[in-house]
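What follows is a short report on a single structure.
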Amino acid sequence: MRASGPGGRVTDDDVRAAGGDAERRTVSAVEPAVEPVAAKPLKTIGAEPPLPTFEQWGPVERQPLSHLRRTIAERMTLSATVIPHVTHFDRADVTELGAIIRRNADAARERGLALTLTSFLMKAAALALAEHPTFNASLDAAAGELIVKRYCHLGVAVATERGLIVPVIRDVDQKPLVELQKELATLAQRVREGKATLEDLRGGTFTITNIGALGGTGAIPIINYPEVAILGVARAREEAVVRDGRIVPRTLLPISLTFDHRVADGADGARFATAIVRRLERPEQLLLGW
């Protein structure tokens with residue numbers, strides 16, 4: 001572009017004109033890169049994408065899944081995919097409950113019974129479920145209905161060498177603690193020996209998983225479909241607690257209530273968890289069945 005000023009000088013108009021040409025050339029150069037592209041649908045969550053060839057980085061070993069492990073994997077995938085999980089955390093002061101178990105441990109052993117926290121958890125959950133039946137239900141999404149069960153059959157997760165198995169104790173709300181403890185011990189032993197029947201594993205309305213013996217400070221368990229809630233329990237620990245202005249040692253039990261957000265809201269879960277905690281903190285109610 002030629003200068004238009006006197007004596008061949010470049011004027012302001014020449015600069016502005018040159019700038020316009022450059023801008024037009026720049027826009028023209030980038031236009032092909034910003035042309036609108038045809039919209040493409042996002043990938044949906046379905047089959048898992050193929051794995052890379054791990055052998056390219058080092059030696060590997062392929063181990064076939066056992067039938068039990070495959071079943072667990074399929075059920076957990078179904079639950080995690082279908083159910084929107086939400087978890088409420090709390091802690092129960094089980095100092096008095098622990099004292100009751102210790103005081104009666106010898107008497108229980110003389111009767112061939114090992115008194116454990118799990119039976120008290122089962123009773124507390126059953127009584128709380130009677131107050132909050134929404135958590136003793138299944139959702140029929142196709143019919144748009146909540147199926148509330150008027151019976152209370154609790155599943156208790158049992159760790160075995162083959163994997164996690166959940167046998168079911170029936171009519172927990174109607175049985176005294178001692179009977180629950182006996183039935184739980186017998187059923188758990190049958191499961192560990194591989195002698196549990198299909199009927200032992202079916203019909204549960206709510207599940208309890210206690211990882212306290214294995215350690216950890218808490219866990220978020222996956223709901224046992226088609227149930228709508230599961231109670232997770234970790235190891236009870238002695239901690240310093242302020243009571244009446246004084247620091248005292250108390251035994252606190254961490255619990256986590258995971259539930260289906262389609263059938264209950266956070267406030268509902270908090271009230272249900274509180275109903276369980278209240279009974280664990282007042283063990284006389286469990287003994288009386290209140």
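The values are calculated or read from the model by the stated rules, or taken from the named source; none is laboratory data. Since this is a predicted model, take the numbers as computed values, not measurements. Note that we place each Cβ from the backbone using ideal geometry, even for glycine, and neighbour counts take in every protein chain shown.
Look at Ala124 and say whether it is part of a helix (DSSP H, G or I), modelled with pLDDT of 95 or more, surrounded by 13 or more Cβ atoms within 10 Å (Cβ to Cβ) and small (Gly, Ala, Ser). Answer is yes for this residue. Test Gly289 against the stated conditions and say whether it is on the phi > 0 side of the Ramachandran plot, modelled with pLDDT of 95 or more and surrounded by fewer than 17 Cβ atoms within 10 Å (Cβ to Cβ). No. Which is farther than 28 Å from Val82 by Cα, touching a residue at least 24 places away in the same chain (Cβ under 8 Å), of a type in the set (A, V, I, L, M, F, W, C) and not in a loop (DSSP other than H, G, I, E, B), of Leu139, Leu184? Answer to the check: Leu184. Can you say whether Arg202 is of a type outside the set (S, T, N, Q) and either modelled with pLDDT under 95 or out of contact with any Asp or Glu (no Cβ under 6 Å at 6 or more places or on another chain) (or both), as far as the supplied structure shows? In short, yes.
Within region 175-198, count every residue that is of a type outside the set (D, E, K, R) and farther than 22 Å from Arg111 by Cα.
Going through region 175-198, the residues of a type outside the set (D, E, K, R) turn out to be 176-178, 180-181, 184-189, 191, 194, 196-198.
In the following step, the residues that additionally are farther than 22 Å from Arg111 by Cα were identified as 191, 194, 196-198.
Summing the residues that are of a type outside the set (D, E, K, R) and farther than 22 Å from Arg111 by Cα in region 175-198 gives 5.
Checked against the criterion of being surrounded by 19 or more Cβ atoms within 10 Å (Cβ to Cβ), of a type in the set (A, V, I, L, M), farther than 30 Å from Tyr225 by Cβ and in contact (Cβ under 8 Å) with a residue 40 or more places away in the chain, region 143-161 has no qualifying residue.
What residue, of Gln63, Gln56, is of a type outside the set (Lys, Arg), more than 23 Å from the chain's Cα centre (by Cα), farther than 26 Å from Ala264 by Cα and at pLDDT below 95?
Values: Gln56 fails: at pLDDT below 95.
The match here is Gln63.
Residues in region 142-176 that are among the acidic types (Asp, Glu) and outside any loop (DSSP other than H, G, I, E, B): Glu145, Asp173. Any chance region 164-171 includes a residue that's buried (at least 19 other Cβ atoms within 10 Å of the Cβ), at pLDDT 95 or above and among the acidic types (Asp, Glu)? Within region 164-171, none of the residues are buried (at least 19 other Cβ atoms within 10 Å of the Cβ), at pLDDT 95 or above and among the acidic types (Asp, Glu).
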